[in-house]
1. Could you report segment 177-305's accessible area per residue, 1.4 Å probe, as an integer in Å²?
2. Per the 1.4 Å probe, what fraction of the accessible area of the chain, in percent, lies on carbon and sulfur atoms?
3. What share of all Cα pairs of segment 1-136, in percent, falls into each consecutive 5 Å distance bin?
4. I'd like to know which of 140, 78, 98 lies farthest towards the positive end of the charge dipole of the chain, counting +1 on Cβ of Lys and Arg and -1 on Cβ of Asp and Glu.
5. For semi-axes √(5λ) of the Cα gyration tensor in Å, which listed value, (i) 48, 19, 13; (ii) 31, 23, 18; (iii) 35, 26, 15, comes from the coordinates shown?
6. Per-residue HN-Hα couplings for segment 282-292, Karplus 6.51 cos²θ - 1.76 cosθ + 1.60 at θ = phi - 60°, whole Hz, x for Gly and Pro?
7. Which is the longest part of the chain that has none of the chymotrypsin sites (Phe, Trp or Tyr not before Pro) sitting in a DSSP loop with at most 13 other Cβ atoms within 10 Å?
8. On C-alpha positions alone, give me the angle between the axis of helix 89-109 and the longest principal axis of the chain, in degrees, nearest 10.
Amino acid sequence: MKSETEQLLATLEVIVGNPFICTFVWDTEEQGEFNLWNLAIAQNFVSLTDVDLAIAHWQSVERWGTPTEQTKNFEYAPPRSQRKDGWNAEIEAKRFESYQQLSQLLKAELSDLQAFKLSVPQGLSDSCEWRHQDYCVYIIIGKIADENWLCLLPTVPDQVHNKGLAQTTLTNPIKSPTTKTLELQSKIRSILAELPAITLYGYYYGAYNYTYQHQIVYAFSQSKALAIELALQSAEMLTVEKTNVEYASDEYNSQKLSQFFNANLNDRTIYTLNFWEISYNYEIGKASTGDWLGVRSLWEFEYNP
């Protein structure tokens, strides 16, 4: 790590006065380019899996009607037998056929096809009362023949922020999509039209009454990392906010932290990564050394039925 970066990190560690916030540094010489996907990998949120397993999990969530299988946890929502949500074997069979069509299309049209499981590793959840260690999100990513990338995943419930993450405007860097991309997009839209959004339950007891719309979303981009980032935003799993926030209160040295960012770092950005009942917040900026520094905090939904 460069000496200038070490000095900035040492100053930042002195300023941070919140026991629930920790400092963060990204050494570009050692870790490479900084982007959201590389960050997720470095923080151990990502593990490689199989495309068929990913699609099967998307279908399982629909069958459960909840983000995780309640038989493996305490009951936090009414079982499907007690609901009147319109779900039945006929609907499940029809949606299964559409998922099979989607799987066949992706395998036929994409190269470098991969699936990843996104979840909170044990070490990052030690400081909170995390109940659903089996909660996870599966994404599928692959390259089109014209070198553009496609990423798909289901929408993600956000019970931490209650009304969902405040989304920034998504901009796709493909200024002039090629025929290949447009053709694939049309095929994806056609299949997803047969997989309309369905209502699923989060924490429902205790007057929370939380539901969300489960559906498959996607994004195209000229790079793998950005296609994933755009898709995560579409799924409401991620928000990316450029900011120059000045804190009115100096609780936990908030004002000093803000002054440090403004004086020493550029491209100040807040990444919020949402895992249903747990959310990770990365407030970072780029130093003149090319390294990135900032703070990481954890937010947790507190269930009190």
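1. Details: 5600 Å² over 129 residues.
The answer is 43 Å² per residue.
2. Its accessible area is 47 percent carbon and sulfur atoms.
3. The calculated distribution, bin by bin, is 2, 7, 12, 13, 15, 14, 11, 9, 7, 6, 3, 2, 0.
4. It is 98, whose Cα lies furthest towards the positive end.
5. (iii)
6. 10, 9, 9, x, 9, 7, 5, 6, x, 7, 10
7. Numbers: sites that count: 20, 74.
In the chain, the maximal stretch lacking such sites is 75-305.
8. Result, in degrees: 60.
The values are calculated or read from the model by the stated rules, or taken from the named source; none is laboratory data. Please read these numbers as outputs of a predicted model, since none were measured by experiment. Neighbour counts are summed over all protein chains in view; Cβ atoms, including those assigned to glycine, are modelled from backbone coordinates with ideal geometry. What goes into the accessible areas is simple: the full protein's heavy atoms, side chains included, and nothing from ligands, DNA or RNA. Shrake-Rupley method; radii C 1.70, N 1.55, O 1.52, S 1.80 Å.
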